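Enquirer: Please read through the structure below; I'll follow up with questions.
Just so it is clear, none of the values below were taken in a lab; they were calculated from the coordinates. Note that this is a predicted model, so its numbers are computed, not measured. Here the Cβ positions follow ideal geometry from the backbone for every residue, glycine too, while neighbour counts run over all protein chains shown.
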Amino acid sequence: MITASTSHIVLIPSYNPGPKVYDTVRAARQHWKPVWVVIDGSTDGSEVALQAMAAEDSGLRIIHLPRNKGKGAAVLHGLNLAAAEGYTHALTMDSDGQHPPELIPVFMAESIRQPNAMVLGMPIFDASAPNLRVQGRKISNWWANLETLWAGIGDSLFGFRVYPIDPLRKVMRYQPWMRHFDFDPEAAVRLSWRGVKVVNLPAPVRYFRADEGGVSHFRYLRDNILLTWMYTRLFCGFVLRLPVLLTRRLLGVFKGQ
């Protein structure tokens, strides 16, 4: 029997996820309580089966948004509800089975040990990972580290991570962006700008083929344009913050001596 946490929740945004969502949610519940799923305007009927699962499981909550708003918007909706109920941290993970639910307790324990930090997953790829995705994220990671003066962001795109809720809500409150696929890298960069420490933990990632129930909403042209625009915006913010970031880095070096 898993004791319900009063501070940390698992938050799963979900949009037309395919059949893997049910295994993902069941596995998450085996390792943590509570688990919240934010249905982001799905049209595949998955919300019906998930609601039925929640009716038999007090540790599972389904939040249904009537129309699709994007991953970041779905996460923010869940964060606002969680904060209103007194939760302080949220582990986000994808609903399509790519992320390792068995590592939820490990990531949560690290977050509890270092509550002021964000705990980021460092993906360990296997043969199922598309090479173009693996190589492309190196560019995203380079930009994220440049714009934080190498504050330690191990992977900017991997969505299996624990966020402290309050600083993330403050970041998103004044940003009209961060509502779609650009949510994860921008959240990591902007939280780092606010002085939130980065902790990286390794985590395996699995890409399922269509015949295995895998579903991908990633579109190379659309989403790479979105990321390019995001890093352009962030670079402008980086230039403005450069004196502060340099001072922080120098102070960190002196303290480490």
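Enquirer: Hey, can you grab everything whose amide H is under 5 Å from the amide H of H64? Only 5+ residues off in sequence or another chain; H modelled, so Pro and N-termini drop out.
Expert: I39
Enquirer: Another question about this same structure. With a cut-off of 8 Å between alpha carbons and a minimum separation of six or more residues, what is the relative contact order of the chain in percent? Could you put the intermediate results ahead of the total?
Expert: Working: 425 pairs, mean separation 56.3, N = 257.
Relative contact order for the chain comes out at 22 percent.
Enquirer: Additional query: Under the rule a/c < 1.5 gives rounded, and otherwise a/b versus b/c splits prolate from oblate, where does the range 30-109 land using the Cα gyration tensor? Don't skip to the end; give the middle numbers.
Expert: Working: a/c = 1.43, a/b = 1.25, b/c = 1.15.
Rounded, because the longest to shortest axis ratio a/c is under 1.5.
Enquirer: Give the cross-link partners of K33 among the lysines, using a straight C-alpha distance below 23 Å as the criterion and excluding same-chain residues fewer than 8 apart.
Expert: By straight Cα distance, K33 reaches K20, K71.
Enquirer: With unit charges on the beta carbon (Lys/Arg positive, Asp/Glu negative), name the residue among Q51, L91, V35 whose Cα is farthest towards the positive pole of the charge dipole of the chain.
Expert: Final value for the positive-end residue is L91.
Enquirer: Set Lys and Arg Cβ to +1 and Asp and Glu Cβ to -1, take the dipole of the chain about its Cα centre, and tell me which of Y163, N224, W193 lies farthest positive.
Expert: Looking along the dipole axis, the top candidate is W193.
Enquirer: Rounded to a whole number of µm²/s, how large is the Stokes-Einstein D of the chain at 37 °C and 0.692 mPa s, given Rh as the Kirkwood radius over C-alpha pairs?
Expert: Details: Rh = 18.7 Å.
The calculation lands on 176 µm²/s.
Enquirer: Excluding residues on the same chain fewer than 8 positions from K197, give the aspartates and glutamates whose Cα lies under 18 Å from its Cα.
Expert: By straight Cα distance, K197 reaches E110, E147, D155, D166, D184, E186.
Enquirer: For every helix of n ≥ 4 consecutive DSSP H residues, a contribution of -39,500 (n - 2.57) applies; sum these over the chain, divide by its total residues, and give [θ] at 222 nm rounded to the nearest 500 deg cm²/dmol.
Expert: Details: 8 runs with 119 residues, N = 257.
Using -39500 (n - 2.57) per qualifying helix, the result is -15000 deg cm²/dmol.
Enquirer: Here is a follow-up. Would you look at the GNM of the chain, springs on alpha carbons closer than 10 Å, and say which of T88, T247, T148 moves the most?
Expert: T247
Enquirer: Now, a different point. Students often check this: by mean Cβ neighbours within 10 Å, which of 129-141, 157-169, 38-50 ranks highest, and how do the rest follow? Intermediate results must be reported in sequence, preceding the final value.
Expert: Details: 129-141: 13.9, 157-169: 21.6, 38-50: 18.3.
Most protected by this proxy first, the peptides run 157-169, 38-50, 129-141.
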